[in-house]
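Working notes, beginning with the structure itself.
The values are calculated or read from the model by the stated rules, or taken from the named source; none is laboratory data. Every value quoted in this text rests on a predicted model; they were computed, and no experiment measured them. Note that each Cβ is placed from the backbone with ideal geometry, even for glycine, and that neighbours are counted across all protein chains shown.
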Amino acid sequence: MANIMKKKIFYITTPIYYASGEPHIGHAYATVNADLIARYKREMGYSVFFLTGTDEHGEKIQKNAEKENIDVQKFVDRMADSFKKLWSDLGITNDDFIRTSEQRHVETVQKVFTKLLQQKDIYKGKYKGWYCTPCESFFTEGQLKEGHLCPDCGRECHEVEQEAYFLNCKKYVNKLLDFYKKNPNFVPDGKLNEMIKTFIEPGLEDLCITRTNFTWGVPVKEDPQHVVYVWIDALLNYISALGYMSNDESKFNEFWGKDSTIFQLAGREINRFHSIYWPILLFALNLRLPNTIFIHGLLVTRTGAKFSKSLGNAPKAGPIIEKYGLDALRYYLGREVILGDDGNFTAKQFVDRFNIDLVNNYGNLVNRTINMIRKYFKDGKLPSIYRYQNAKSRQVISAMKESIKKYKQEFDNYCPSKAFICAMDIVDRANKYIEDMTPWVLFKENKISLLKEVMYVLVESIRVSSLLLRPALINKADEALDQLGVPLEFRQFNTLNKNLCLNKLKVNAPSALFPRLDVDKETEYLASLIEAKK
Ligand code: ME8
């Protein structure tokens, strides 16, 4: 019988970041977490398409370019380059980088507009209401916080009136509520409740989707003094990048097709656009919805303020990578905060996490194990064994299998942080096992057969934990495996449960994977990068 396997296709997106300024640690946080998930899925055998990019239109960007007195296209070119450079410095494996000023995107936006206009999901009317300039968002009076403050960013809104085009949202609101009900994990962790309460229950208004007060945007073909509202323009990146409505829709058909698992990551301050207006646009286009809109929390300062471009308090990732390496920053951003919660980024936490997890636990285990093998076995050659006989060894190996299982569950639930805890559990158990088994005594007493077994349990613990940590430690995990002499055919996820001990092993010279940080000195240095900005 033919083996009919469902194709494993995974499409993952980050928000496209405003090209209004340089990237900062918050952008790195979102993109690194998406990259961890993308790498995990590839390891699990999925065909992955990972998209990020820049959101380049709108009044704010036009004004920023004017302030610098440079051409706006040149301004966004420079910003897009700085995002691209950071992603390359951070080892991000995006398959494409979409820019909303690109022709391929502009064409899709215009075609979508025309289609929705023709089918009367878009109509022309008059807009009277409240506008938040920093968010480029319109609100009804009822949606504002007391004192006419923006419900998204808390800043003051002002009253406006203009001719504009609207997206007929009312038509789709019941369909949307029905979809939410049938797909309770569409926006996980109860993050829809507030949206429904604030924006849907009071009565969802049709959305004003064009502007006439500036020109830096996608012109409406049918009425060129209007440009498309930057949020509608931006949301469409998720399908324009796949070639939707272009001459070649093959990528779109694959990654937005029914067999694809679509995972979209967005920060909590842009929940409304992703969980309400994006689905409505997709309904209007008669397209499927993503499986998951995952709303992540924000990194905040020691005193709880959000790191943000407009507050100017956010550190850049570049100097941190230069000083501590990209693996350490990737690990911190994935491990420190549960995706979905808000979390701190502080100097002390970074230095502690570095020293405790990477130096004391992981790095030290690798170093100790290699040194022991070189000391106890001639030329660092460890002969193979057939099975684990000792009860403690068996316990460590079976706990490891359990950790592998849990790690996968955590990543499948999009929680890199907890997945890395499972990987580090393996490391912790191995370190404890060394203390329990006292290999130096076994050597002294010439119990070579048990000594071999102990070394293999350690080798397997390092091999497996390195593979599980590799989505974050993209260089150091392989460095550890190189030092340990693990053959390439034992470095894929589908070998996690194999037994390397059936082979023989020859270790290489060890060298410290991570240098121990001087807590006071490095905390002070890092604080000058992170916290001086407040
Ligand atoms: O909102 N902590 O762009 P943006 C964690 N262009 N993540 C943070 C963060 C922080 N302090 N600050 C920013 C936009 N982010 C729109 C999106 S999508 C169709 C259009 C991350 O440059 C987080 O993912 O303001 C947030 O949602 C995103 O950057 C916003 O980036």
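Data overview
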{"item": "Which listed residue is surrounded by fewer than 18 Cβ atoms within 10 Å (Cβ to Cβ), touching a residue at least 40 places away in the same chain (Cβ under 8 Å) and within 30 Å of Ala266 (Cα to Cα), from Asp412, Asp379, Asp342, Asp436", "result": "Asp342"}
{"item": "Restricting region 263-272 to residues that are assigned to a helix (DSSP H, G or I) and within 7 Å of the ligand (Cβ to nearest atom), the residue that is surrounded by the most Cβ atoms within 10 Å (Cβ to Cβ)", "result": "Ile270"}
{"item": "Matching option when the condition is of a type outside the set (A, V, I, L, M, F, W, C) and touching a His at 6+ places or on another chain (Cβ under 8 Å), among Asn69, Asn64, Asn33, Asn94", "result": "Asn33"}
{"item": "Residue ID - surrounded by the fewest Cβ atoms within 10 Å (Cβ to Cβ), chosen from residues in region 40-58 that are over 13 Å from the mean Cα position of the chain (by Cα) and aliphatic (A, V, I, L, M)", "result": "Met44"}
{"item": "Leu116, sole failed condition from (1) surrounded by fewer than 18 Cβ atoms within 10 Å (Cβ to Cβ); (2) among the hydrophobic types (A, V, I, L, M, F, W, C); (3) over 30 Å from the mean Cα position of the chain (by Cα)", "result": "(1)"}
{"item": "Which numbered condition Ile37 fails, given (1) closer than 20 Å to Ala234 by Cβ; (2) within 16 Å of the ligand (Cβ to nearest atom); (3) surrounded by 21 or more Cβ atoms within 10 Å (Cβ to Cβ)", "result": "(1)"}
{"item": "Scope region 281-321; condition touching a residue at least 12 places away in the same chain (Cβ under 8 Å) and closer than 30 Å to Leu117 by Cβ; matching residues", "result": "Leu281, Phe283, Ala284, Leu285, Leu287, Arg288, Leu289, Pro290, Asn291, Ile293"}
{"item": "Qualifying residue in region 345-363 (condition: at pLDDT 95 or above, farther than 24 Å from Glu22 by Cβ and either touching a Pro at 6+ places or on another chain (Cβ under 8 Å) or within 13 Å of the ligand (Cβ to nearest atom) (or both))", "result": "yes"}
{"item": "Phe294 being within 15 Å of the ligand (Cβ to nearest atom), modelled with pLDDT of 95 or more and of a type in the set (Phe, Trp, Tyr)", "result": "yes"}
{"item": "Test: Lys111 is farther than 28 Å from Val160 by Cα, of a type in the set (Lys, Arg) and free of Cβ contacts under 8 Å to residues at least 60 places away in the same chain", "result": "no"}
{"item": "Some residue of region 238-261 being in contact with a Gly (Cβ under 7 Å, 6 or more places away or on another chain) and either assigned to a strand (DSSP E or B) or within 10 Å of the ligand (Cβ to nearest atom) (or both)", "result": "no"}
{"item": "Ala305 at pLDDT below 95 and either away from the ligand (no atom under 11 Å from the Cβ) or outside the structural domain of Pro151 (by TED's automatic domain parsing) (or both)", "result": "yes"}
{"item": "Region 390-403: number of residues that are in contact with a Phe, Trp or Tyr (Cβ under 9 Å, 6 or more places away or on another chain) and either aromatic (Phe, Trp, Tyr) or buried (at least 17 other Cβ atoms within 10 Å of the Cβ) (or both)", "result": "3"}
{"item": "Hey, Ile61 within 16 Å of the ligand (Cβ to nearest atom), farther than 28 Å from Pro416 by Cα and either buried (at least 22 other Cβ atoms within 10 Å of the Cβ) or modelled with pLDDT of 95 or more (or both) or not", "result": "yes"}
{"item": "Members of region 327-355 found to be in a helix (DSSP H, G or I) and of a type in the set (A, V, I, L, M, F, W, C), listed by number", "result": "Ala328, Leu329, Leu333, Ala347, Phe350, Val351, Phe354"}
{"item": "Filtered residues of region 152-202 (kept if of a type in the set (Gly, Ala, Ser) and either touching a Lys or Arg at 6+ places or on another chain (Cβ under 6 Å) or without any contact (Cβ under 8 Å) to a residue 24 or more places away in the chain (or both))", "result": "Gly154, Gly190"}
{"item": "Residue match in region 79-93 (condition: among the β-branched types (Val, Ile, Thr) and within 20 Å of Cys135 (Cα to Cα))", "result": "no"}
{"item": "Odd one out for Asn213, checked against (1) surrounded by 22 or more Cβ atoms within 10 Å (Cβ to Cβ); (2) away from the ligand (no atom under 16 Å from the Cβ); (3) in contact (Cβ under 8 Å) with a residue 60 or more places away in the chain; (4) more than 27 Å from the chain's Cα centre (by Cα)", "result": "(1)"}
{"item": "Lone qualifier among Arg330, Arg288 - being closer than 27 Å to Phe255 by Cβ, surrounded by 17 or more Cβ atoms within 10 Å (Cβ to Cβ) and not hydrophobic (A, V, I, L, M, F, W, C)", "result": "Arg330"}
{"item": "Residue in region 4-24 that is among the hydrophobic types (A, V, I, L, M, F, W, C), at pLDDT 95 or above, out of contact with any strand residue (DSSP E or B) (no Cβ under 7 Å at 6 or more places or on another chain) and within 16 Å of the ligand (Cβ to nearest atom) present", "result": "no"}
{"item": "The listed residue being modelled with pLDDT under 95 and buried (at least 17 other Cβ atoms within 10 Å of the Cβ), out of Cys501, Cys422", "result": "Cys501"}
{"item": "Residue under evaluation Leu311, criteria (1) away from the ligand (no atom under 15 Å from the Cβ); (2) modelled with pLDDT under 95, criterion not met", "result": "(1)"}
{"item": "Residue check for Ala305: loosely packed, with under 15 Cβ neighbours inside 10 Å and under 18 Å from Cys135 (Cβ atoms)", "result": "yes"}
{"item": "Condition met for Gly125 (farther than 20 Å from Glu59 by Cα, touching a residue at least 40 places away in the same chain (Cβ under 8 Å) and touching a strand residue (DSSP E or B) at 6+ places or on another chain (Cβ under 9 Å))", "result": "yes"}
